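Here the structure is laid out as structure tokens; the discussion comes afterwards.
No lab work stands behind these numbers, since they all come straight from the coordinates. For clarity, every value in this text was computed on a predicted model and none was experimentally measured. For neighbour counting, all protein chains shown are included, and Cβ atoms are generated from backbone atoms with ideal geometry for every residue, glycine included.
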Amino acid sequence: MAKKILIADDEERLRKLITDYLVREGYEVVDAADGEAALDLFYNDRDIELVILDVMMPKMNGFDVCKEIRETSHLPIIMLTAKGEENDVLNGFSYGADEYISKPFSPKILMAHVNALLRRADGFAEGENNLLEAGGIVVDKQGHMVTVDGKEVILSVKEFELLTYFLENRNIALSRDKILNGVWSYDYFGDARTIDTHVKKLRAKIGEKGAYIKTIWGMGYKFEIDE
């Protein structure tokens with residue numbers, strides 16, 4: 001069964017261009033011309049597996065749509081914008097976006113991000129290490145679910161991958177470059193400050209357990225539980 005993708009952009013020509021590429025790749029597409037319509041589709045169609053959001057849209061901007069989706073879902077979100085400013089990128093990540101692509105962009109690059117995000121969202125290969133536990137945090141890699149002291153926590157795809165990476169490298173000092181390579185390993189155009197934004201969001205979502213993610217000044221981070 002074809003995976004379904006939601007595109008929300010007020011430029012009809014761009015929606016059609018992206019749709020044509022996605023359909024050629026074997027995806028099913030639903031689209032919206034404004035933020036409110038995008039949310040209506042999201043709430044009414046539970047088969048949607050990835051969302052592509054323009055930032056500047058009528059009625060409701062992409063940041064607010066992203067924020068509302070992220071409150072109840074961890075499905076992958078790619079944000080598109082005509083702006084290339086660093087603050088806009090970090091703002092998008094702070095709302096829970098997984099990828100951020102500035103216009104104009106190559107549709108082939110967008111397809112590479114879509115394919116990679118969906119592969120990762122499908123979960124990890126079956127095996128004996130699908131369940132990671134540490135200090136009350138449980139990561140179910142196969143089920144793509146995180147619980148903290150038994151309560152489910154909704155994470156974006158990238159936040160989930162980052163937490164998984166920390167637990168798999170527990171007590172190991174990780175440089176920002178190493179984390180970028182381990183979590184953002186494909187075709188990533190950005191810098192290490194992206195990690196800091198994701199760590200901040202991840203710490204907030206896991207509450208007091210966020211203290212397990214130690215900052216190593218001038219280097220990166222280490223997941224460590226004080227015994």
- Query: How fast does the chain diffuse by Stokes-Einstein, in µm²/s, taking the Kirkwood radius from C-alpha pairs at 20 °C and 1.002 mPa s?
  - Reply: 118
- Message: Quick check: Cα centre of the range 101-119 to Cα centre of the range 20-51, how many Å?
- Response: 15
- Output the peptides 22-31, 47-56, 195-204 sorted from most to least packed, where packing is the average of other Cβ atoms within 10 Å over each peptide's residues. 47-56, 195-204, 22-31
- Note on the structure: Surpassing 31 Å at the alpha-carbon level, of the pairs Lys103/Lys141; Lys16/Lys59; Lys108/Lys151; Lys16/Lys200; Lys4/Lys151, are Lys103/Lys141; Lys108/Lys151; Lys16/Lys200
